[in-house]
1. Contact list please: Cβ distance under 9 Å, first residue in region 221-239 and modelled with pLDDT under 95 and among the acidic types (Asp, Glu), second residue surrounded by 16 or more Cβ atoms within 10 Å (Cβ to Cβ) and part of a helix (DSSP H, G or I), pairs at least six apart or on different chains.
2. Hey, could you check region 188-201 for residues that are assigned to a helix (DSSP H, G or I) and in contact with a strand residue (DSSP E or B) (Cβ under 9 Å, 6 or more places away or on another chain) and say which is surrounded by the fewest Cβ atoms within 10 Å (Cβ to Cβ)?
3. Would you check if residue 64 is on the phi < 0 side of the Ramachandran plot and in contact (Cβ under 8 Å) with a residue 12 or more places away in the chain?
4. Take the residues of region 202-226 that are part of a loop (DSSP other than H, G, I, E, B) and either hydrophobic (A, V, I, L, M, F, W, C) or out of contact with any Ser or Thr (no Cβ under 9 Å at 6 or more places or on another chain) (or both): which is surrounded by the most Cβ atoms within 10 Å (Cβ to Cβ)?
5. Yes or no: residue 164 in contact with a strand residue (DSSP E or B) (Cβ under 7 Å, 6 or more places away or on another chain) and modelled with pLDDT of 85 or more?
6. Just to be sure I understand, how many residues within region 39-60 are of a type in the set (D, E, K, R) and either surrounded by 15 or more Cβ atoms within 10 Å (Cβ to Cβ) or more than 17 Å from the chain's Cα centre (by Cα) (or both)?
7. Exactly one condition in (1) within 30 Å of residue 218 (Cβ to Cβ); (2) modelled with pLDDT of 85 or more is false for residue 135; which is it?
8. Tell me, please, whether a residue that is exposed (fewer than 14 other Cβ atoms within 10 Å of the Cβ), acidic (Asp, Glu) and in a loop (DSSP other than H, G, I, E, B) can be found in region 175-187.
Amino acid sequence: MSFIRFDRVSKTFLRSGSRMLLSTLLRSGFRGRDRFYALSGVSFEIGRGETVGLIGSNGAGKSTLLSLVAGISYPDEGTVSVGGRIAALLELGSGFHGELSGVENIFLNAALLGLSRRKTEEQLDAIVDFSGIGEFIGEPLRTYSSGMMMRLAFAVAVHIDPAFLIIDEVLAVGDAAFQEKCRRRIQDLKASGKGLLCVSHATSTLRELCDRGLWLDHGKLMMDGPVEEVIAAYERRTAAGA
């Protein structure tokens, strides 16, 4: 049974520089050059517990696909179905408030991810300990570095018992020791049957964490298969300059 299902999903955006014409275009029914397809007719299914890496160049549609899975945006065509709790680590700092302390942001972010206050209180010590922020946990988030924000976001996400974890280049932020700590935690989640949908330009990370690969190119799904085979095909295309 699929946990995530995309059925002929398309998502369009207005091209840069065209926003001032939006109302005119909508009134006239314009559907031409000023819109582009970030995703076009994409279909796939991901089962519960599968670990999947998204592969593709910048602008291929990877982040758009993740935002649809996370429920941050919605398709223009087709349907997206998700069968349980997802913890998404996408844009750094999303789900946080700069004027709130680290502890207050833990409760805020956990609530947005669907965790009750009582459950968050039960996990609070473990979240703070994993983040390694220490005495800064009581300081406003606006005083945090990007690495500290990532630590806090990751710590919350992996302690809310998600059925699926979505990460977009999050392992590229922070020091090497914490990156390794994150990898070990993801491996633990994987061993316990949790699913993973991951974007990274580091193919070594995708090989380590994922069993399956989806290759996107200009909004179209080019290949779906074992991660090693998908990476190899993508790298051949990239090397050929196509």
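1. If the second residue must be surrounded by 16 or more Cβ atoms within 10 Å (Cβ to Cβ) and part of a helix (DSSP H, G or I), the pairs left are 235/203.
2. 190
3. For residue 64, the condition - on the phi < 0 side of the Ramachandran plot and in contact (Cβ under 8 Å) with a residue 12 or more places away in the chain - is met.
4. Filtering region 202-226 for residues that are part of a loop (DSSP other than H, G, I, E, B) and either hydrophobic (A, V, I, L, M, F, W, C) or out of contact with any Ser or Thr (no Cβ under 9 Å at 6 or more places or on another chain) (or both), the one surrounded by the most Cβ atoms within 10 Å (Cβ to Cβ) comes out as 210.
5. Considered against the rule, which asks whether it is in contact with a strand residue (DSSP E or B) (Cβ under 7 Å, 6 or more places away or on another chain) and modelled with pLDDT of 85 or more, residue 164 comes out as yes.
6. Adding up the residues that qualify gives 2.
7. Looking at each condition in turn, residue 135 falls short on (1).
8. Yes, the conditions are met somewhere in region 175-187.
The values are calculated or read from the model by the stated rules, or taken from the named source; none is laboratory data. This one's a predicted model, so the numbers in the text were calculated from it and none came from an experiment. Because the Cβ atoms are built from the backbone with ideal geometry, glycine has one as well, and the counts that use them run over all protein chains shown.
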